[in-house]
Amino acid sequence: MAIKRSFGENLGQVLMHFFMALLAISALYPVVLVFMVSISSEASVATQGIRLIPTEFSFSAYQLVFATPTMWQAYLVTISVTAIGTTLSLLICSMAGWAASIESVKYRNVMAMFFYIPIVFRPGLLPWFMVITQTLGLRDSFWALIIPTLVTPFNLFLLRNYFRTIPPSLVESAQIDGAPVPRIFLQIVLPLAKPILATCALFISLGYWNGWTEALWFIDNPNLFPLQYMLLRIQQQLELMRQFGIVQGNMPTQTFRLATMFVTIGPIILVYPFVQRFFIKGIMIGAVKG
Amino acid sequence: MLTKTVPKSNRGVRGFLYEMQKNWVYYMMALPALLVVFLVNYLPYPGMIIAFQDFHFIRGMWGSDFVGLDNFRFFFQSVVFFRTTFNTLFINISTIFFVTLTSVIIAIVLNEIRKKMAVRFYQNAIFFPHFLSAVVIGHLLIHVLFPTQSGVVNGIITALGFAPVPWLLTPEPWLAFVVITNVWRGMGFTSIVYLATISGIDEEMFEAADLDGAGRLQRIWFITIPMLIPAICMMVLLSIGTILFGDFGLLRSIIDGPPNNPMLLPRLDIIETFVFRAIRETVDFGTAAAIGLYQSVVGFIMVVAANWVAKRFDSSYGLF
């Protein structure tokens, strides 16, 4: 590197690194803290408060979390909701997105409008709640966790815009060869759209994994509580137990609290390094398209 | 050959049937999504009339008496109207302002940092909070940062020699805490958008500025920021369209963290959290529907207005 840089410019670089490092720490610190406290012993937390570096390690909080059968059940519910919801949503949205992207489909813009109207004029929470519980009868149903967010217009339009960039001649030549439309979709269109499908799949699955308000609205059966809602319920119960002073003996309340929290974040941390670039790509596509 | 298959009239019922016959496979493929949207988003529209009814469960939507604007009168005169509207608007407006400000600064700084490895690390780090659920964030606030005895914030305060503050019983600063939380989890996402815009700026402009002897700050001030302004306007206008719609998940998880926290509730009650309680707890459907209709109508006006402004600003913008 032969380029000479002035002192001022180097100072600028240092300051910018300092600023960004501060933000990066603020973004990561709380989760690191939660993890460190969750592996501390309850006694050390009780005497010294929440600390980044535990003075005494203990995994008893995690033993307690994994000994709670409702946690396993909630995990199962969330994994099923995420897997089924993401697959269905991706399939349904990409089929509609493709249909709305084809130039020769006359009512493609009518369909786009149909998806768009409810975003602009929302029917409100009460009618929505009544339709899902009464008309569709989804109260206390597994599908109440999936159907309300099954079609997200944002993803649908993201997919449609991507499909538009596929040259129509590819589809036409396959049609001339006599391939039926669904086969063209599965064997030509979807493989070409892999990057955007990956991005959408991640957006959707993050939504399902972190979703909990659907459970709050529609689910009363504890066997159908997803992970995030179970976390909320456990924290509330701990809080009530603390308020009424019925915490039993040496039950690790504070570390248990944070261990349940970390158990719901854990899988996200595991996949984050591998998936974040798809998210960034997706946001950039969305941003450029406007 | 082609002219034979095209019908004389392309309009009306015949045109419709012809189109359905020609492209039925595509419409069948769109059908599941259309059906789901119809069930979840269109079927609720008739239910909006409950806002004008004295709703009874047994008599249902079609049998309840109409009471004109009574529900609205009750709602607009109550303390709830001002409180929920104010909180929703305050949180959203401050969030838009501070998220935009921070994200623009972050994007400019990231663009100026030379070590690209470091840029990638910072970007990934500040994007991370976006992946946390509202429940987790609510509990970070209630049980990690702000508890009176063991909280991180009070730990810092006592270390500095001040008396600890019972934050959960001190409602005043909580609106600000919510805004800071929104900035914390929104800055990564939004700065990616602005960084993408900056990297789309023509390199030649920067090179020309270099030749003219412009310094780094001058380049930022005279090129980067002006080039960012259309994107900023666009993002802000888009968020103004949803300014009356709050983040139910986050606010509910904060309010409900310590169950129905009586101190924080009035301070953090937004339209959605109030409607939720009206539906699931106090079972006051008339009021819930009235607030919902008020929110939908004002929200609709906001979207249309924001879109109108965006289009005047640049005709290629706008959503519809």
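The values are calculated or read from the model by the stated rules, or taken from the named source; none is laboratory data. This one's a predicted model, so the numbers in the text were calculated from it and none came from an experiment. We place every Cβ from the backbone using ideal geometry, glycine too, and count neighbours over all the protein chains shown. Only protein heavy atoms, including side chains, enter the accessible area calculation; ligands, DNA and RNA are left aside. Shrake-Rupley method; radii C 1.70, N 1.55, O 1.52, S 1.80 Å.
Values for this structure:
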quantity: Delta accessible area of at least 10 Å² on complex formation, residues of region A:25-57, 1.4 Å probe, chain isolated as reference; calculated: A:26, A:27, A:28, A:29, A:30, A:31, A:33, A:34, A:49, A:50
quantity: Long-range HN-HN contacts of residue B:53 with modeled amide H, under 5 Å; calculated: B:67
quantity: Over chain A, relative contact order from alpha-carbon pairs under 8 Å, at least 6 apart, %; calculated: 29 percent
quantity: Rh (Kirkwood; distinct C-alpha pairs) - region A:10-119, Å; calculated: 19.7 Å
quantity: List A:212, B:184, B:221, ordered by accessible area with a 1.4 Å probe, largest first; calculated: B:221, B:184, A:212
quantity: Span-like helix ranges in chain B, DSSP H, alpha carbon extent 15 angstrom or more, Kyte mean at least -1.0; calculated: B:12-37, B:79-112, B:116-127, B:174-199, B:225-240, B:285-313
quantity: Spacing of the two label points (7 Å from each Cα toward its C-beta) at residue B:297 and residue B:236, in nm; calculated: 2.9 nm
quantity: Listed pairs A:106/B:311; B:116/B:311; A:281/B:116 exceeding 28 Å between Cα atoms; calculated: B:116/B:311
quantity: log₁₀ of I(q)/I(0) at q = 0.16 Å⁻¹ - region B:182-320, Debye sum with one point per alpha carbon; calculated: -0.97
quantity: Total charge dipole magnitude, the protein assembly as shown, about the Cα centre, Cβ charges on Lys, Arg, Asp, Glu only, Debye to nearest 20; calculated: 1120 debye
quantity: Region A:105-248 - percent of accessible surface contributed by carbon and sulfur, probe 1.4 Å; calculated: 62 percent
quantity: Whole-Hz couplings from phi, Karplus 6.51/-1.76/1.60, listed for region A:122-136; x for Gly and Pro; calculated: 7, x, x, 6, 5, x, 4, 4, 5, 5, 6, 7, 9, 4, 8
quantity: Protein accessible area in chain B, 1.4 Å probe - carbon and sulfur %; calculated: 70 percent
quantity: Mean separation of Cα contacts under 8 Å (6+ apart) over length of chain B, as relative contact order %; calculated: 25 percent
quantity: Those residues of region A:117-138 for which accessible area with every protein chain present is at least 40 Å² below the isolated value (1.4 Å probe); calculated: A:118, A:120, A:121, A:122, A:123, A:125, A:126, A:127, A:130, A:131, A:136
quantity: Paired Rg and Dmax values of the protein assembly as shown, which use every Cα atom, in angstrom; calculated: 26.6, 90
quantity: Largest-first ellipsoid semi-axes for chain A, taking √(5λ) over the Cα gyration tensor eigenvalues, angstrom; calculated: 42, 31, 17
quantity: Residue among B:134, B:107, B:125 with the largest mean-square fluctuation in a Gaussian network model of chain B, springs linking Cα atoms under 10 Å; calculated: B:125
quantity: Area of residue B:115 that stays accessible when all protein chains are in place (1.4 Å probe, Å², to 10); calculated: 140 Å²
quantity: With DNA, RNA and ligands ignored, accessible area of residue B:17 (1.4 Å probe; Å², nearest 10); calculated: 100 Å²
quantity: 0 to 90° range, to nearest 10: angle between helix A:7-38 axis and chain A longest Cα axis; calculated: 70 degrees
quantity: Degrees between helix A:153-164 axis and first principal axis of chain A (Cα, 0 to 90, nearest 10); calculated: 40 degrees
quantity: Efficiency of FRET from Cβ geometry, residue B:97 and residue B:203, R₀ 35 Å, rounded to 0.05; calculated: 0.65
quantity: Per residue Cα convex hull volume in Å³ - calculated over chain B; calculated: 248 Å³
quantity: For residue A:177, solvent-accessible area (1.4 Å; no DNA, RNA or ligand), Å²; calculated: 130 Å²
quantity: Accessible surface, the protein assembly as shown, averaged per residue in Å² (probe 1.4 Å); calculated: 48 Å²
quantity: Solvent-accessible area buried by pairing B with A, both sides, nearest 100 square angstrom, 1.4 angstrom probe; calculated: 8600 Å²
quantity: Chain-alone versus full-assembly comparison, region B:40-71, residues with accessible loss of at least 20 Å² (1.4 Å probe); calculated: B:40, B:41, B:42, B:43, B:44, B:45, B:48, B:50
quantity: FRET E, pair residue A:285, residue A:57, Förster distance 51 Å, beta-carbon r, rounded to 0.05; calculated: 0.70
quantity: Calculated on alpha-carbon atoms, Rg and Dmax of region A:90-131 in Å; calculated: 13.3, 39
quantity: Computed over region B:1-128, Kirkwood Rh from alpha-carbon pairs, angstrom; calculated: 22.1 Å
